[in-house]
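Peer 1: Here it is, the structure in full.
Read-outs: derived from the displayed coordinates by stated rules, not from any lab. Values in this document were obtained by computation on a predicted structure and should not be read as measured data. In this analysis, Cβ positions are derived from the backbone assuming ideal geometry, glycine residues included, and neighbour counts consider all displayed protein chains.
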Amino acid sequence: DAKTTQPNSMESNEEEPVHLPCNHSTISGTDYIHWYRQLPSQGPEYVIHGLTSNVNNRMASLAIAEDRKSSTLILHRATLRDAAVYYCILRDGTGTASKLTFGTGTRLQVTL
Amino acid sequence: GAVVSQHPSRVICKSGTSVKIECRSLDFQATTMFWYRQFPKQSLMLMATSNEGSKATYEQGVEKDKFLINHASLTLSTLTVTSAHPEDSSFYICSAGNYLAPNEQFFGPGTRLTVL
């Protein structure tokens, strides 16, 4: 599996934008870039995913570099409820049987 | 929609006993479910892929005789930790895919196992 590299931790002030980077220099052509987050003592939840183009949804935006070797998850206005570990994951293809391999993730702290 | 539940949420057992953890997809059918283990302050580690009606596929280094997986229906997969020992104490999480949203995995809330 192609690997991802993320900073161990980041801090943000509430109501400010947050940019969470992810490097994936060995990404293959069939790898989708997925982001999940895990709140304390809970299972992960899906945030967003993309292949080549930038993506937006109600939770976040995903900016993908033109060479696809890096991406950035953007939370437009961080709230205290966004404090979590954010995982950037490369997933080969699509479909319900395609597994996820979690890396170490970025622990986001949000302060008032 | 696409809710995954786990039961129990917490379990404490004595060393040497077996513990069964259930993972249910409440409002969708899942032919494939995944089981993960997470130690404190660490990331999730995929243990196995559970396939309805067939044998599970285990990741390298995971003992299939110790972690028994049964996926007897399209809404239920079970993980049995046999002859549990303190080092098996961990947070066990399952996930399932919904064909209506094939790009997402839906995760259960997790089961915290403590082996005394």
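Peer 1: Alpha carbons only, please: Rg and Dmax for chain B, in angstrom.
Peer 2: Values for chain B (Cα only, Rg and Dmax): 13.4, 42 Å.
Peer 1: Please work out the Kirkwood hydrodynamic radius for chain A, using every pair of different C-alpha atoms, and report it in angstroms with one decimal place. Display every interim value, and only then the final one.
Peer 2: Values: mean 1/r = 0.0712 Å⁻¹.
It is 14.0 Å.
Peer 1: Looking only at Cβ-Cβ distances, which cysteines of chain B have no other cysteine closer than 4.7 Å?
Peer 2: Those would be B:13, since no other cysteine Cβ in chain B comes under 4.7 Å of theirs.
Peer 1: Convex hull over the Cα atoms of the stretch A:12-59, averaged projected area in nm²? Can you show the working numbers first?
Peer 2: On the way: hull surface 19.3 nm².
Computed as one quarter of the Cα hull surface, the answer is 4.8 nm².
Peer 1: What whole-number distance in Å separates the alpha-carbon centres of the stretch B:49-77 and the stretch A:23-84?
Peer 2: About 29 Å separates the Cα centre of the stretch B:49-77 from the one of the stretch A:23-84.
Peer 1: In debye, nearest 20, what is the charge dipole magnitude of chain A about its Cα centre with +1 on Lys and Arg Cβ and -1 on Asp and Glu Cβ, if you could check?
Peer 2: With only Lys, Arg, Asp and Glu charged at Cβ, the dipole is about 220 debye.
Peer 1: Listing A:110, B:3 from the residue with the fewest other Cβ atoms within 10 Å to the one with the most, what is the order?
Peer 2: B:3, A:110
Peer 1: Apply the Karplus curve 6.51 cos²θ - 1.76 cosθ + 1.60, θ = phi - 60°, to the phi angles in the stretch B:61-68 and return the couplings in whole Hz, x for Gly and Pro.
Peer 2: x, 9, 7, 5, 7, 8, 10, 8
Peer 1: Rank A:109, A:18, B:16 by how far each Cα sits towards the positive end of the charge dipole of the protein assembly as shown (+1 on Lys, Arg Cβ; -1 on Asp, Glu Cβ) and give me just the farthest.
Peer 2: B:16
Peer 1: To one decimal place, what Kirkwood hydrodynamic radius in Å is obtained for the protein assembly as shown from all pairs of distinct Cα atoms?
Peer 2: 18.2
Peer 1: Using Cα positions and a limit of under 27 Å, work out the lysines in reach of residue B:41, with same-chain residues fewer than 8 apart set aside.
Peer 2: Residue B:41 reaches A:3, A:99, B:14, B:20, B:64, B:66.
Peer 1: As an exercise, identify the chymotrypsin sites (Phe, Trp or Tyr not before Pro) in the stretch A:22-66 lying in DSSP coil whose Cβ has no more than 15 other Cβ atoms within 10 Å. Could the numbers behind the result be given before it?
Peer 2: Working: sites: A:32, A:35, A:36, A:46; in loops: none.
Within the stretch A:22-66, no chymotrypsin sites (Phe, Trp or Tyr not before Pro) qualify (loop, at most 15 other Cβ atoms within 10 Å).
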